[in-house]
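Student: Here it is: the structure, laid out below.
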Amino acid sequence: MKLIAKAPKNEDKSIWQATMPGPLSSPYEGGTFELSIHLPPDYPLKPPKVAFRTKIYHPNIDSDGGSIGIDILKDKNWLPGRTIKEVLLAIYLILGDPQLDNPLEENTSNMVKTVARKWTQMYAMGPAYKRISEELKSLEKSNPSYANAGLVDGDMFHWQAAILDLRGTPYNGGMFQVDIHFSRQYPNEPPKVVFRTKIFHPNIDENGSIGLDILKDRWSKDLSISQVLHSIRSLLKNPNPDAPLVPWIAHMCKTNCSEYDTTARSWTLKYAKG
């Protein structure tokens, strides 16, 4: 955990800014939240006024103004010996453990994790959310024949897709599920794409890892998920046994096409027919 608080240079020293990471294993994980800290003239005899500048869905934080409803920031409970670091730590702790008996937002007292997670992604995870959201809308609008995709549990950073339309291959008729995970650095970093459906292929290993250059060193931020899915489908239609992840399957593909096709078709019937 890294909490950062600082007073702006050459400005009012009574106004501070702070950044706070979302706690692990909470709906706020991966988010970076900005806070403002106003020190009153009689500080430290009176508590600082602390508010979230980043929108957040939380029962103890006002969704409009960012006010924080915790006891140590109230006049009657404030102790002059408390430091700003201790205040930030207390705020960090309520992110992971909301005080449901004393909510500022009544409609979030029974906090729905999916809503809190969505707000974190929208407001606290940078430009990646916007780019991923636009790509999903584009994919849904174009409705390509070779794939479909959707969110997993409403999480914009986690998709599940299916590779389709594999006519003319031993995978014909199969529906191959892939998981897609985006980092906060997307599109500057490639998504992590793995097969969840077992498949017999020289460029896809038993863990579902895919030997595709655009998912590694040939990635470009100009590529889209639609293009990634199309490339995966092309790889299924045209295996590359000269750059295998599974050498023994690649050997079969190059030396005994009939056996390769038979085995791949058998696996498709067994694992990809639903």
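Student: Just to confirm a number: summing +1 for Lys and Arg and -1 for Asp and Glu over residues other than M122 whose beta-carbon lies under 14 angstrom from that of M122, what do you get?
Tutor: It works out to a net charge of +4.
Student: While we're on this one: For the chain, treating each Cα as an identical point scatterer without solvent, what Debye log10 I(q)/I(0) comes out at q = 0.09, 0.12 1/Å?
Tutor: Log10 of I(q)/I(0), two decimals: -0.58, -0.81.
Student: Once you've got the Cα coordinates, tell me which of K118/K198; K13/K46; K76/K118; K118/K221; K113/K221; K118/K270 are over 26 Å apart.
Tutor: Details: K118/K198 31 Å; K13/K46 16 Å; K76/K118 35 Å; K118/K221 24 Å; K113/K221 31 Å; K118/K270 37 Å.
Flagged as over cut-off: K118/K198; K76/K118; K113/K221; K118/K270.
Student: For n ≥ 4 DSSP H runs only, could you compute -39500 (n - 2.57) per run for the chain, divide by its residues and tell me the 222 nm figure to the nearest 500?
Tutor: One gets -9000 deg cm²/dmol as the mean residue ellipticity at 222 nm.
Student: Can you give me the long-range amide H partners of A147? Hydrogens built in the peptide plane at 1.01 Å from N, cutoff under 5 Å, separation of 5 or more residues or another chain.
Tutor: L164
Student: Moving on. Please work out the FRET efficiency for the pair D62 and D261, using the Cβ-Cβ distance as r and a Förster radius of 51 Å; give the result to the nearest 0.05.
Tutor: Result of the calculation: an efficiency of 0.25.
Student: Of the accessible area of the chain, with the probe set at 1.4 angstrom, what percent is carbon plus sulfur?
Tutor: Details: 7370 of 14910 Å².
Of all accessible area on the chain, carbon and sulfur atoms account for 49 percent.
Student: Defining a contact as two alpha carbons under 8 Å apart and six or more residues distant in sequence, what relative contact order in percent does the stretch 122-162 show?
Tutor: Worked out over the stretch 122-162, it gives 31 percent.
Student: Could you state the orientation-averaged shadow area of the convex hull built on the Cα atoms of the stretch 106-230, in nm² to one decimal? Show your work: numbers first, answer last.
Tutor: Values: hull surface 36.9 nm².
With the hull built on Cα positions only, its mean projection is 9.2 nm².
Student: Can I ask one more? Among 128-135, 68-75, what's the highest-first ranking by average C-beta atoms within 10 angstrom per residue? Intermediate values should be presented prior to the final figure.
Tutor: Values: 128-135: 17.0, 68-75: 15.0.
Taking the mean over residues of other Cβ atoms within 10 Å, the ranking is 128-135, 68-75.
Student: While we're looking at this one, here's another question. Calculate, for the chain, the solvent-accessible area per residue in square angstrom, rolling a 1.4 angstrom probe over the heavy atoms of the protein chains.
Tutor: Ligands and nucleic acids excluded, the figure is 54 Å² per residue.
Student: In addition: Can you list residues from other chains, or at least 5 along the same chain, whose modelled amide H is less than 5 Å from the amide H of G173?
Tutor: L166
Student: Which of Y28, Q177, G150 sits farthest toward the positive end of the charge dipole of the chain, with +1 on the Cβ of Lys and Arg and -1 on the Cβ of Asp and Glu?
Tutor: Q177
Student: Along its principal axes, what span do the Cα atoms of the stretch 157-274 show, with the longest given first and each in whole Å?
Tutor: Cα extents, longest axis first: 43, 31, 23 Å.
Student: Taking θ as phi - 60°, what are the ³J(HN,Hα) couplings along the stretch 176-188 by the Karplus curve (6.51, -1.76, 1.60), each to the nearest whole Hz, with x for Gly and Pro?
Tutor: Once θ is set to phi - 60°, the couplings for the stretch 176-188 become 9, 7, 10, 9, 10, 10, 9, 8, 5, 8, 4, x, 6 Hz.
Student: Under the Karplus relation 6.51 cos²θ - 1.76 cosθ + 1.60, θ = phi - 60°, what is the ordered set of whole-Hz ³J(HN,Hα) values for the stretch 145-159, x standing for Gly and Pro?
Tutor: Result, rounded to whole Hz: 6, 8, 6, 9, 8, x, 6, 9, 6, x, 8, 4, 8, 9, 10.
Student: Over all directions, how big on average is the projection of the convex hull of the alpha-carbon atoms in the stretch 226-274, in square nanometres?
Tutor: On the way: hull surface 16.3 nm².
The Cα convex hull of the stretch 226-274, projected and averaged over all directions, gives 4.1 nm².
Student: Quick one: net charge around L39, please, counting Lys, Arg +1 and Asp, Glu -1 for every other residue with C-beta under 11 Å from its C-beta.
Tutor: +1
Student: Averaging sequence separations of C-alpha pairs under 8 Å and six or more residues apart, then dividing by the length of the chain, give the relative contact order as a whole percent.
Tutor: 12 percent
The values are calculated or read from the model by the stated rules, or taken from the named source; none is laboratory data. No experiment lies behind these values; they were computed from the predicted model shown. Positions of Cβ are generated from backbone atoms using ideal geometry, with glycine treated the same way; all protein chains shown enter the neighbour counts. SASA here: full protein model, heavy atoms, side chains in, ligands and nucleic acids out. Shrake-Rupley method; radii C 1.70, N 1.55, O 1.52, S 1.80 Å.
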